[in-house]
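Asks: Dropping the structure in here first, questions after.
The values are calculated or read from the model by the stated rules, or taken from the named source; none is laboratory data. These figures come from a predicted structure and were not determined experimentally. Neighbour counts run over all protein chains shown; Cβ positions are idealised from the backbone, glycine included. When the accessible area is computed, the model is the full protein with side chains, heavy atoms only, and any ligands, DNA or RNA have been set aside. Shrake-Rupley method; radii C 1.70, N 1.55, O 1.52, S 1.80 Å.
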Number of protein chains: 2
Amino acid sequence: MKENTSSVNSPILIKRDLSQTSKTELLQECVSECIPLSEQEVESIKELVIVRHFKKGTLILREGQISTNCYSILSGCVRQYYLKNGEEKTTFFYTEGQTIFALRGSNQNLPAKHYLACVEDTTLTLLTQENEREMFRRFPRFQTLSRIALEEELGNYQQMLADYIIYSPEERYLNLMNFRPDLLDRVPHYHLATYLGVKPESLSRIRKRIMIKR
Amino acid sequence: MKENTSSVNSPILIKRDLSQTSKTELLQECVSECIPLSEQEVESIKELVIVRHFKKGTLILREGQISTNCYSILSGCVRQYYLKNGEEKTTFFYTEGQTIFALRGSNQNLPAKHYLACVEDTTLTLLTQENEREMFRRFPRFQTLSRIALEEELGNYQQMLADYIIYSPEERYLNLMNFRPDLLDRVPHYHLATYLGVKPESLSRIRKRIMIKR
């Protein structure tokens, strides 16, 4: 994140010494292809990847800020939303194991159009662009891992966009029940409604219809 | 694409010797970061990247097939669509300069859920996964270029998904008028309608409303 970020709430705790649990989770995060890491690679991850804890409600990013940080959720939930005519429109929920990729390339100096807010107390890893570059410099094979992770994430987004176009709000809700059932209990009803593209009262009707069918 | 692809229409022409014009376009495609290419790199691109021409209406990919090919459009237009209850739902239009990334990583052996059809006579470059690997082996810096291109494309898809959630069909149409005005003349009305998430008659009403306002 660039210098002028004073309006973002500070993390309540910054830990560079990872606990045993979060270290394991972090390594699982970073090595999605299950490639064993050398001791030097583990040490570099501990040095360059920062673990941060945020309280529920904290804004990690606000509209207008420039961020090239990449986050991975270790625990908790981060909501991405846009402000449209004063109304919050939720566009994604990031939970355990998911990565919030930063805008890079020709887009990396553009101010964010969206917000990132913690729906729960959240612990995440933070990798700055500088530290990522340093990681690639030290271990070129991490660039391959990063490319594979990006290819997977791009595939996910292509499918999510297609699904959003193809499915009705009720079908989108059924998809969530199948593929991200935890979200239904973790996030407020009105945020879920805008994410599905409906008013809260329509979501209530969808839920009732589905309850009756079961 | 795997062996069992007999149901896909064959390209009408396969050229490995690129014409001067398409060579220039191809290089522009491949080197989005404007990095000068060495003679060896240019020769490898000519060897490993295939240019193909397809007639309007050709299906490049059908639901159920497995493809790890990556395509870049030199000229023409390719429509991505899904069949839902017998109805074609358009989810993307790829035009000049855009790349159709293949599913990779853990998704790469999954059969496609979608179709790719040429809306116009189309010329594209085709890079198989094997040739891509060979390219990375010969020139590791191409891996960096690929990662940057993926980061940009991921950013584009994140924004498109967010836009789809945030905007109404009329706003989506206005966005197309601003950012992809060529599409409005190039693709049939009913395909455009499903892409915007409305029935063809609703798209006609949207068009009339916008005409009146102008």
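Asks: In square angstrom, rounded to the nearest 10, how much accessible surface does B:Cys118 have for a 1.4 Å probe?
Replies: It works out to around 10 Å².
Asks: Beyond 21 Å between alpha-carbons counts as too far, so tell me which of A:Lys89/A:Lys113; A:Lys56/A:Lys208; A:Lys84/B:Lys84; B:Lys89/B:Lys199 fall in that bin.
Replies: Working: A:Lys89/A:Lys113 12 Å; A:Lys56/A:Lys208 29 Å; A:Lys84/B:Lys84 31 Å; B:Lys89/B:Lys199 11 Å.
Going by Cα-Cα distance, A:Lys56/A:Lys208; A:Lys84/B:Lys84 fall outside the 21 Å limit.
Asks: Which values, in whole Å and largest first, are the semi-axes of the equivalent ellipsoid of region A:87-214 obtained as the square root of 5 times each eigenvalue of the Cα gyration tensor? Numbers along the way, then the final one.
Replies: On the way: eigenvalues 225, 51, 41 Å².
Rounded to whole Å, the semi-axes are 34, 16, 14.
Asks: By accessible area of protein heavy atoms, probe 1.4 Å, what ranking do B:Glu39, A:Glu151, B:Glu134, A:Glu43 get, highest first?
Replies: Numbers: B:Glu39 145, A:Glu151 20, B:Glu134 45, A:Glu43 95 Å².
The ordering from most to least exposed comes out as B:Glu39, A:Glu43, B:Glu134, A:Glu151.
Asks: Using the 7 Å Cα-to-Cβ label point, sort the distances from A:Lys84 to its equivalents in the other copies shortest first and give them in nm to one decimal.
Replies: Label-point separations across copies, in nm and ascending: 1.8.
Asks: If you don't mind, there's one more thing I want to ask. Return the sequence-ordered ³J(HN,Hα) values of region A:109-119 in whole Hz as given by the Karplus equation 6.51 cos²θ - 1.76 cosθ + 1.60 applied to θ = phi - 60°, using x for Gly and Pro.
Replies: 9, 7, x, 4, 9, 10, 10, 10, 10, 7, 7
Asks: Tell me the distances, shortest first, between B:Arg214 and the same position across the other copies, using label points 7 Å along Cα→Cβ, in nm to one decimal.
Replies: Nearest first, the other copies' label points are 4.8 nm away.
Asks: Here is a further query. In whole Hz and in residue order, list the ³J(HN,Hα) couplings for region B:135-149 that follow from phi through the Karplus curve 6.51 cos²θ - 1.76 cosθ + 1.60, θ = phi - 60°; x for Gly and Pro.
Replies: Ordered by residue, 3J(HN,Hα) equals 4, 5, 5, 6, 10, x, 5, 5, 5, 5, 4, 5, 5, 5, 4 Hz.
Asks: Treating the point 7 Å from Cα along Cα-beta-carbon as the label, what are the nm separations from B:Lys113 to the other copies, to one decimal?
Replies: Taking the point 7 Å beyond Cα along Cα→Cβ, the inter-copy spacings are 2.5 nm.
Asks: What accessible area, summed over both chains, is buried at the A-B interface (1.4 Å probe, Å², nearest 100)? Please report the intermediate quantities before stating the final value.
Replies: On the way: alone 12440 and 12440 Å², together 21140 Å².
By this definition, chains A and B bury close to 3700 Å².
Asks: Rolling a 1.4 angstrom probe over the protein heavy atoms, how many square angstrom per residue are accessible across region B:104-214? Intermediate results must be reported in sequence, preceding the final value.
Replies: Values: 5320 Å² over 111 residues.
Roughly 48 Å² per residue, with all protein chains present.
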